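J.: One structure is given below, represented as structure tokens, and several questions about it will come after.
Read-outs: derived from the displayed coordinates by stated rules, not from any lab. Computed from a prediction, not measured in an experiment: that's the story for all the values here. Please note: Cβ atoms are built from the backbone with ideal geometry, for glycine as well, and neighbour counts cover all protein chains shown.
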Amino acid sequence: MTQDSKPTPVLDVRGLQTVFHDAKGAWPAVDGIDLALYPGEVLGLVGESGSGKSVAGFSIMGLIDPPGEIIAGEVLFRGEDLRAKSEEELRRIRGIALAMIFQNPLSTLNPVLRIGEQMTEVLSEHGHDDPEAAQRLAVESLRKVGIPAPEERIYQYPHELSGGMRQRVAIAIALLGDPAVIIADEPTTALDVTIQGQIIAELQKLQADSGAGMIWISHDLGVVAELADHIAVMYAGNIVEMGPTDAVLDHPRHPYTLGLLASVPGDADPGAPLRQVPGNAPPLSRRPLGCPFHPRCEFASDICRREMPPRATDDVGRSYLCHHPVSQRAAP
Amino acid sequence: MMDSQQTAAGRTEVTSVPEDPILSMRNLSRVFTRQPVLAETLLKLLGRTPDIPKLRAVRSVDLSVRRGEVLGLVGESGCGKSTLGRMMAGILPASQGALAYEGAEVAGLRGTALRDFTLGVQMVFQDPYSSLNPRQRVASILAEPLKVHRPDLSRAEIHARVDAALAEVGLDVSYRDRFPHQFSGGQRQRIGIARALIVEPRFLVCDEPIAALDVSIQAQVINLFLDLRRKHNLTYLFISHDLSVVRHMADRVAIMYLGEIVELAPTAELFADPKHPYTRTLLEQIPSVRNRKRSFSAVKGELPSPLAPPPGCPFHPRCPAAMPQCSVEVPQKRQIAPGRTVSCHLYDKDQIST
């Protein structure tokens, strides 16, 4: 990622490594990732299940519980390393300056509290003592995410709302503190396409208005293509390719990115076999030696089986981890 | 409402008679109600009708599936697509209307003819985790349908068929003694497909069979479905909310909204020229890797509750093209081109004569 004319990143992650412990050892779910997020920018973090994309998001938030452990790296938020903060300091930063939106809003909302109570609770946690002012803020925040009749909604319980409305409430809560960084972990995956469109539209508008940086974690290349300025593709705990959206999607260098793009039935002739990535992603405890993608890679050679490729960069500000990068001319 | 529905159904019978249907539905409906509570039972005994809410999940569907085709059935959650699929697979009875398999009404089938239908139409489910018994080995999961329906087969024959089914879906025969938890999601879905295929069906109802899988695994399973279709001349009902998958797989597409089929068209025509405003909305909302930094402009509102469907056209509260009559009058299904029907007042004058 180039840094020439851009301001300093609001979030700068360096060498972040998160492992999960079991009786047999420590397995790296996130294996030393670097990424930078600038204000007002959307970074799409793409990968399949088990790739470590959600663990990366949780690690940035400092939300890793045993048996997981962040063992290395820095998470610089506005220049300060979050990993050096105490849990108390972190709690104050989370929810105000650094917010997260989860895939399943039902698991983040308290089922026995009315919507308004959940929101004023967050506000009082962050020092808003006047209950009436807090209520006004809650109503305002719900209105901003497109909830009709927010004055009435604050008296409802989560189960009274539809899936789309619940996700809006979760977003409204995340936005209460006017965060500088939003980490959205598959926020629309559980929703229908028309509702997904609504939520993305709202988030896009809110993020553009506030100038926050956003990391959008998703398995859906289509959604990320339409939202993101930069894309990072994760495989087996590594960011195997990262760069400007157009470069990554139009001229992928990593064979896995190419394979993912070809797996989406978009340009293929109807009824023709899709170009598929063979095999399955390796489980955490059985990551292969060398390049983690080599058992599924059509270009794999001896060196791929022995050595992890070094990170290479090219002149469009893209980086990739591959011994045999896809030729620039081969468009997907 | 009922009346206009029935006239709509009556009209369409004249207009479309697809050649050689394997399965056809006429005015097929499904209503769900809850059990009456004690007070309501007492009211009934007194000769009064208690007001128990009725959920009309599928409303008067007329549809034929042609032999050898892939019919895509698309809609959002709660639109009734899975209920319709289950009725077509014969695992959920219809509340009203008729289902015919190979020209014979299913309700009247007995004996061998009934068994032919039961085995001839099989289902592949969405969730490869909950649709396989975790305590059964793969071999016994696959052998079970044969043990029930084919008592004439010896143990050796069943063994051979299980191995053949595993090979057919691309699984190693050495996996036969494993349990479902030892497989990945994609492999489990292959087991689900093998279980459906083992009784040699003609027609598969596939209910979101790839929705739970990762992108790279989705492509593998799509390819498997395409292969099997070619090899066995299968007919599919492919239920999905993913229009790009349906575009790739299906020959014709039916769009469902709130229990009704609102548009039916050959796939290429539907994607080139969607007619119903709901179809257009869906097409606009599919994210695509070819679109960059799009400003999403969303359709308003949410799917209305099927317990209280809006009067008139079910889509009118969300429709960008709604006219005054849409909130009053149910649009009738009209054939606007050969093989294309749409239920929308915008096309009231476009019906072609047949």
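J.: How far is it, in nm, from the label point at B:THR112 to the one at A:ALA84 when both lie 7 Å from their Cα along the line to the Cβ?
T.: The modelled label-to-label distance comes out at 8.4 nm.
J.: Cut-off 10 angstrom, C-alpha nodes, Gaussian network model of chain B. Which of B:VAL173, B:VAL138, B:VAL199 fluctuates the most?
T.: Taking springs between Cα atoms under 10 Å, the residue moving most is B:VAL173.
J.: Rounded to the nearest 0.05, what FRET efficiency do A:ILE303 and A:GLU152 give with R0 = 45 Å and r taken as the Cβ-Cβ distance? Could you check? Show your work: numbers first, answer last.
T.: Numbers: r = 64 Å, r/R0 = 1.42.
According to the calculation, E is roughly 0.10.
J.: Same structure, new question: Taking Cα centroids, how far is region A:118-159 from region A:57-94 in Å?
T.: The distance from the Cα centre of region A:118-159 to that of region A:57-94 comes to 28 Å.
J.: Given A:LYS24/A:LYS53; A:LYS144/B:LYS293; B:LYS275/B:LYS300; B:LYS44/B:LYS333; A:LYS205/B:LYS54, which pairs have Cα atoms separated by over 29 Å?
T.: Details: A:LYS24/A:LYS53 23 Å; A:LYS144/B:LYS293 21 Å; B:LYS275/B:LYS300 19 Å; B:LYS44/B:LYS333 37 Å; A:LYS205/B:LYS54 40 Å.
B:LYS44/B:LYS333; A:LYS205/B:LYS54, as the Cα separations exceed 29 Å there.
J.: Return the long-range amide H neighbours of B:MET123 (sequence gap of 5 or more, or a different chain), with a cut-off of under 5 Å between placed amide H atoms.
T.: Here B:VAL205 satisfy the definition.
J.: Report, in deg cm²/dmol and to the nearest 500, the calculated mean residue ellipticity at 222 nm for the protein assembly as shown, where each DSSP H run with n ≥ 4 adds -39500 (n - 2.57) and the sum is divided by the residue count. Please report the intermediate quantities before stating the final value.
T.: Working: 23 runs with 226 residues, N = 686.
Helices in the protein assembly as shown give a 222 nm mean residue ellipticity of -9500 deg cm²/dmol.
J.: Which of these, A:LEU284, A:LEU161, A:LEU37, has the largest mean-square fluctuation under a Gaussian network model of chain A (Cα springs below 10 Å)?
T.: A:LEU161
J.: Pull out the extension gain between B:ASP163 and B:ASP350, defined as 0.36 nm times the separation in residues minus the alpha carbon to alpha carbon distance; nm, one decimal. Mind showing how you got there, number by number?
T.: Values: separation 187, 0.36 × 187 = 67.32 nm, distance 5.42 nm.
Gain on stretching B:ASP163 to B:ASP350: 61.9 nm.
J.: So in chain A, what percent of DSSP beta bridges are antiparallel if you round to the nearest 5?
T.: Details: 31 of 50 bridges.
Expressed as a percentage, antiparallel bridges in chain A total about 60.
J.: If the cut-off is 14 Å between C-alpha atoms, which aspartates and glutamates fall inside it for B:LYS81, apart from same-chain ones fewer than 8 positions away?
T.: A:ASP192, B:ASP62, B:ASP207, B:GLU208, B:ASP242, B:GLU260, B:GLU263
J.: Using alpha-carbon positions, what is the distance between the centroids of region A:199-237 and region B:124-186, in Å?
T.: The two parts, judged by their Cα centres, are 41 Å apart.
J.: Next question, about the same structure. Show the residues, 5+ positions off or on another chain, whose built amide H is closer than 5 Å to the amide H of A:TRP27.
T.: A:PHE20, A:HIS21, A:ASP22
J.: Hey, rough spin-label estimate for B:VAL31 and B:GLU105, points 7 angstrom out along Cα→Cβ, what's it come to in nanometres?
T.: Distance between the two pseudo-spin positions: 1.9 nm.
J.: Here's something else I'd like to know. Would you calculate the separation in nanometres between label points at A:ASP246 and A:GLU117, each defined as 7 Å from the Cα along the Cα-to-beta-carbon direction?
T.: 5.2 nm
J.: Something else: Once you order the gyration tensor axes a ≥ b ≥ c over the Cα atoms, which shape class does the protein assembly as shown get: rounded for a/c under 1.5, otherwise prolate or oblate by comparing a/b with b/c? Don't skip to the end; give the middle numbers.
T.: On the way: a/c = 1.76, a/b = 1.28, b/c = 1.38.
Judged from the Cα gyration tensor, the protein assembly as shown comes out oblate (a/c at least 1.5, b/c at or above a/b).
J.: Through the Karplus equation 6.51 cos²θ - 1.76 cosθ + 1.60, θ set to phi - 60°, convert the phi angles of region B:36-47 into ³J(HN,Hα) values in whole Hz; use x for Gly and Pro.
T.: With the stated coefficients, region B:36-47 comes to x, 7, 3, 4, 6, 4, 5, 4, 4, 4, 7, x Hz.
J.: Roughly how crowded by other chains is peptide A:258-270, in terms of the mean Cβ count from those chains within 10 Å of each of its Cβ atoms?
T.: Details: counts 0, 3, 5, 2, 3, 9, 9, 11, 7, 3, 5, 1, 10.
Rounded to a whole number, the mean comes out at 5.
J.: Tell me the chymotrypsin sites (Phe, Trp or Tyr not before Pro) within region B:97-175 that lie in a loop according to DSSP and have at most 15 other beta-carbon atoms within 10 Å. Display every interim value, and only then the final one.
T.: On the way: sites: B:TYR101, B:PHE117, B:PHE125, B:TYR129, B:TYR175; in loops: B:PHE125, B:TYR129.
Those that pass, being in a loop and sparsely packed, are B:TYR129.
J.: For chain B, what are Rg and Dmax over the alpha carbons, in angstrom?
T.: 21.8, 68
J.: Apply the Karplus parameterisation 6.51 cos²θ - 1.76 cosθ + 1.60, with θ equal to phi minus 60°, to every residue of region B:106-112 and state each ³J(HN,Hα) to the nearest whole Hz, in sequence, with x for glycine and proline.
T.: 4, 4, x, 6, 9, x, 4
J.: Considering chain B as a Gaussian network with a 10 Å cut-off on Cα pairs, which listed residue, B:ARG190, B:ARG178, B:ARG292, attains the greatest mean-square fluctuation?
T.: Greatest mean-square fluctuation among the candidates belongs to B:ARG292.
J.: Moving on. Which angle between 0 and 90 degrees, to the nearest 10, do you get for helix A:163-175 versus the longest principal axis of chain A when only C-alpha atoms count?
T.: Around 80 degrees separate the two axes.
J.: Would you mind giving the mean number of other chain beta-carbons within 10 Å of the Cβ of each residue in A:274-284, as a whole number? Walk me through the numbers before you get to the answer.
T.: Details: counts 10, 2, 9, 6, 2, 5, 9, 4, 0, 1, 0.
Averaged over the peptide's residues, the number is 4.
J.: From the square roots a ≥ b ≥ c of the eigenvalues of the alpha-carbon gyration tensor of chain A, which class results: rounded (a/c under 1.5), prolate (a/b over b/c), or oblate? Before the final figure, lay out the partial values.
T.: Values: a/c = 1.93, a/b = 1.61, b/c = 1.20.
Since a/c reaches 1.5 and a/b is larger than b/c, the shape of chain A is classed as prolate.
J.: Loop-only trypsin sites (Lys or Arg not before Pro) in region B:35-96, please: DSSP not H, G, I, E or B, and at most 14 other Cβ atoms within 10 Å.
T.: When the trypsin sites (Lys or Arg not before Pro) of region B:35-96 are filtered for loop state and at most 14 Cβ neighbours within 10 Å, B:ARG48 remain.
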